[in-house]
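Some notes on the structure that comes next.
The values are calculated or read from the model by the stated rules, or taken from the named source; none is laboratory data. For clarity, every value in this text was computed on a predicted model and none was experimentally measured. Neighbour counts run over all protein chains shown; Cβ positions are idealised from the backbone, glycine included.
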Amino acid sequence: MRWNNLSLSEDGAGPDAPATPPALFGAADVVTRPIDTPEFRGITFHEVRARSLVNRVPGASRMPFAWTVNPYRGCSHACVYCFARNTHSYLDLDTGIGFDSQIVVKVNAPDLLRRELGAPRWAGEHIAMGTNVDCYQRAEGRYRLMPGIIAALRDYANPFSILTKGTLILRDLELLRQAAAVTDVGISVSVGFTDPALWRTVEPGTPAPERRLAMVRTLAGHGISCGVLMAPVIPYLSDSPAQLRETVRAIAAAGATSVTPLALHLRPGAREWFMSWLARHHPHLVRRYEVLYADGSYAPRWYQRRITGQVHELAAEYGMGPTRRGAHRALPEPAPEPAPAPAPGATQLTLL
């Protein structure tokens, strides 16, 4: 495992990355904890003390936000299509089972964030969370980093948004309400489809889609508006007109303020893992995927336009609008966790 002398930021070359980044951590900064309790069986936690937390997004001018915070790396949600899988390779960790079970925990995240928010050079810009891996994955139940993170953002009245599949966010309802009273808070839940059989194989570590939609309903009932990122729409498995209609109908019934469709994309790392899954579960679709994704990681524009048009028509039919810019700041296309912002008065450090 490569904890020291990492030569690349998580996106490979963030705009603020130094030419020769220093080590991420000393050997003494990493504590590895295999856990054998039923809820964490098979998962290993690597507890680290990060040196920076607020990250600038590469190509921020093309994104609805410029800064992110990610308290975890790796994700026990185990979504076979997760675009962030390749980031584990930068630590010589496996991008398949390793990504699902080797979870890096930035145990000092709340204190570090509070320090960075109070730095003179910080301008109070919007911070997005859940854009790389889910900050409400199962590890959060053990480490409870998000209450401290939300409290810091509340105390500095710093605007933020959260994208999640994790129902654990409901634990922090009161903190979210307190933050929303002093700053702009956006919540978005990811629900790409409602098919229970597909969910069990493609997103095995996540709460069921109906539980996520119930979460949307609960948030709305507590006065916290919530949009839905309808992602991913999976070609040939969740994109029929009937399936799109059922998903949009369920999203509207849950009280979501908006819906944003996003077709499946397959970046390196995720592509190999997803295609292996496809060959096991739907071998007749392998060739169709090879053709559809022959030109790269993204589905063809004609396919993306078709899905977007169908979903927006259905959303209008069910009395729900498409994404409003700034409403919940869902990603138009996911980006890898970027290079960290420089700490005040110090050389910038590459963040694990």
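Quick rundown of the values:
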{"quantity": "Test: residue 194 is within 15 Å of residue 314 (Cβ to Cβ) and either touching a Leu at 6+ places or on another chain (Cβ under 7 Å) or not small (Gly, Ala, Ser) (or both)", "calculated": "yes"}
{"quantity": "Cross-chain or 6+ apart pairs with Cβ under 6 Å, the stretch 47-75 first and at pLDDT 90 or above, then hydroxyl-bearing (Ser, Thr, Tyr) and surrounded by 22 or more Cβ atoms within 10 Å (Cβ to Cβ)", "calculated": "55/68; 68/131"}
{"quantity": "Among residues of the stretch 262-277, those that are in a strand (DSSP E or B) and more than 15 Å from the chain's Cα centre (by Cα), counted", "calculated": "1"}
{"quantity": "Of residues in the stretch 221-246 being assigned to a helix (DSSP H, G or I) and touching a helix residue (DSSP H, G or I) at 6+ places or on another chain (Cβ under 8 Å), the one farthest from residue 298 (Cα to Cα)", "calculated": "245"}
{"quantity": "One residue from 206, 194, 218 being at pLDDT 95 or above and assigned to a helix (DSSP H, G or I)", "calculated": "218"}
{"quantity": "Failed item in (1) aliphatic (A, V, I, L, M); (2) buried (at least 18 other Cβ atoms within 10 Å of the Cβ); (3) not in a strand (DSSP E or B), with residue 182 passing the rest", "calculated": "(2)"}
{"quantity": "Residues located in the stretch 278-306, provided they are in a loop (DSSP other than H, G, I, E, B) and either over 30 Å from residue 93 (Cβ atoms) or touching a Ser or Thr at 6+ places or on another chain (Cβ under 7 Å) (or both)", "calculated": "300"}
{"quantity": "Hits in the stretch 68-86 (condition: part of a helix (DSSP H, G or I) and under 13 Å from the mean Cα position of the chain (by Cα))", "calculated": "83, 84, 85"}
{"quantity": "Pick from the stretch 198-229, criterion under 19 Å from residue 263 (Cα atoms) and aliphatic (A, V, I, L, M), ranking: surrounded by the most Cβ atoms within 10 Å (Cβ to Cβ)", "calculated": "228"}
{"quantity": "Condition check for residue 111: assigned to a loop (DSSP other than H, G, I, E, B) and without any contact (Cβ under 8 Å) to a residue 40 or more places away in the chain", "calculated": "no"}
